Each structure stands twice: as structure tokens, then as C-alpha cells.
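Q: Provided herewith is a single structure, encoded as C-alpha cells, for subsequent inquiry.
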Amino acid sequence: FDKVAEDRQLTLADVGGAREARADLHDVIGFLKDPARFKKMGARCPAGVLLVGPPGTGKTLLARAVAGEAGVPVLVASGSEFGEMYVGVGARRVRDLASKARAHGRCIIFIDEFDSIGGKRGRPNRTSEEDLVRRPGRFDRVVEVGMPTAADRLEILKVHAAKRPLDADVNLQELSTLTVGYSGA
């Protein structure tokens with residue numbers, strides 16, 4: 001499992017749009033920064049936060065930005081690494097990932113392509129890896145990351161255009177209205 005390099009840390013300033021998702025993740029950032037403050041009040045950090053939404057909406061970017069804001073490492077894995085044709089291999093990889101996370105203490109585990117191990121309980125031919133990863137209590141918060149609105153697309157365009165020279169006739173507002181149905185990617 002890869003650890004994201006420290007020099008590639010992002011912050012929420014690097015994320016355009018996704019205003020609701022960013023707002024939903026602020027308390028998670030606060031807890032990761034100073035867990036003692038929250039524990040003193042009797043609060044507990046969510047055991048897991050599941051970011052859901054269509055491809056290209058910024059779920060990976062948000063996870064990295066949350067980690068960057070909180071100053072914690074990101075452990076990145078792919079869902080396809082857990083689905084193995086050999087019994088127990090995927091389950092062992094889930095346990096290994098959990099062990100690495102415990103060793104880091106406060107950290108973000110980001111599983112890309114999570115839906116490749118997901119599925120509904122009770123589905124025939126489901127694997128034990130699904131039970132290990134998606135059992136009740138594992139994710140007590142779900143954050144929806146939807147397709148960007150026109151205002152979100154404008155924010156995304158501003159983030160990307162901030163470090164690039166643009167011709168005088170480039171109108172980011174107009175571009176945001178012309179890109180209906182496009183994700184941030």
C-alpha cells in the first residue's frame with residue numbers, strides 16, 4: 001500500500017467546488033488535528049467516512065486535501081487489490097492495511113475503486129472481503145460528492161486557471177455554464 005509523498009500534500013484551497021462535501025468534512029479535519037479536544041467533550045471521530053459519487057467528482061482529491069489540512073499521512077490502496085480468486089488473500093490484505101493504519105495512528109486510508117469490493121449484503125457469491133470492509137459500524141458517515149453545479153465548475157476552473165496564463169477574452173463564467181454535465185476531472 002502506498003503512502004502519499006509529503007511533498008504532494010494538498011489543502012482544501014486546492015479543491016474547487018464540492019462545497020457541501022467540504023463542509024461535511026470540516027469536523028473530521030478538526031478531529032484529526034486535535035482529537036483530545038473532541039474526546040474531552042465526549043465526542044468521537046467517525047470510524048470511517050465513505051465518499052460516494054460519480055467518477056471524476058473529486059473524491060480522491062478531497063481525501064488528500066483532508067489529510068493535508070489535518071497534517072496526517074494518506075495510505076492509498078485500490079479496491080481491486082482486495083478481490084482475489086484465492087480464498088483469504090484479499091482478507092489478509094484488508095488486515096494488513098488496518099495494521100499499517102494503526103501503526104500510523106491518525107491517518108487517512110483511501111481505497112480507490114471501492115465499489116469493486118463493495119456490494120450488497122446477502123448477495124449470492126459475495127466474498128468475505130466485503131464483510132470485513134463494509135460491515136456495520138465501519139463507515140458511520142457517508143459524504144455524497146455529486147456532479148458540480150455551475151458555481152462549482154467556476155470554482156474548479158479558477159483553481160486550474162490560477163497558475164496559468166489566460167488570454168484576455170477567456171471568460172471562466174461562460175465556460176462554467178457551457179460545461180453542464182462535466183465533472184471536475
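Q: Which of the helices (runs of 4 or more DSSP H) found entirely inside segment 1-111 contain at least 1 residues meeting this: open to solvent by 70 Å² or more (accessible area, probe 1.4 Å) and either touching a Phe, Trp or Tyr at 6+ places or on another chain (Cβ under 7 Å) or modelled with pLDDT of 85 or more (or both)? Steps first, please.
A: Numbers: elements: 19-33, 35-40, 59-70, 89-104.
Helices (runs of 4 or more DSSP H) meeting the threshold: 19-33, 35-40, 89-104.
Q: Go through segment 139-164 and report how many residues are free of Cβ contacts under 8 Å to residues at least 60 places away in the same chain, farther than 17 Å from L12 by Cα and not in a helix (DSSP H, G or I).
A: Number satisfying all stated conditions: 1.
Q: Looking at this structure, is V170 in a loop (DSSP other than H, G, I, E, B), β-branched (V, I, T), at pLDDT 90 or above and surrounded by fewer than 18 Cβ atoms within 10 Å (Cβ to Cβ)? Reasoning before the result, please.
A: Numbers: in a loop (DSSP other than H, G, I, E, B): yes; β-branched (V, I, T): yes; at pLDDT 90 or above: yes; surrounded by fewer than 18 Cβ atoms within 10 Å (Cβ to Cβ): yes.
When the stated conditions are applied, V170 passes them.
Q: Sticking with this structure for a sec: Got at least one residue in segment 54-66 being without any contact (Cβ under 8 Å) to a residue 12 or more places away in the chain and of a type outside the set (D, E)?
A: Kept after step one, since they are without any contact (Cβ under 8 Å) to a residue 12 or more places away in the chain, are these residues of segment 54-66: none.
Scanning segment 54-66, I find no residue that is without any contact (Cβ under 8 Å) to a residue 12 or more places away in the chain and of a type outside the set (D, E), so the answer is no.
The values are calculated or read from the model by the stated rules, or taken from the named source; none is laboratory data. In this text, all values refer to a predicted model and were calculated from it rather than measured experimentally. Glycine also receives a Cβ, built like all others from the backbone with ideal geometry; neighbour counts cover every protein chain displayed. Note: areas computed on protein heavy atoms with side chains; ligands, DNA, RNA excluded. Shrake-Rupley method; radii C 1.70, N 1.55, O 1.52, S 1.80 Å.
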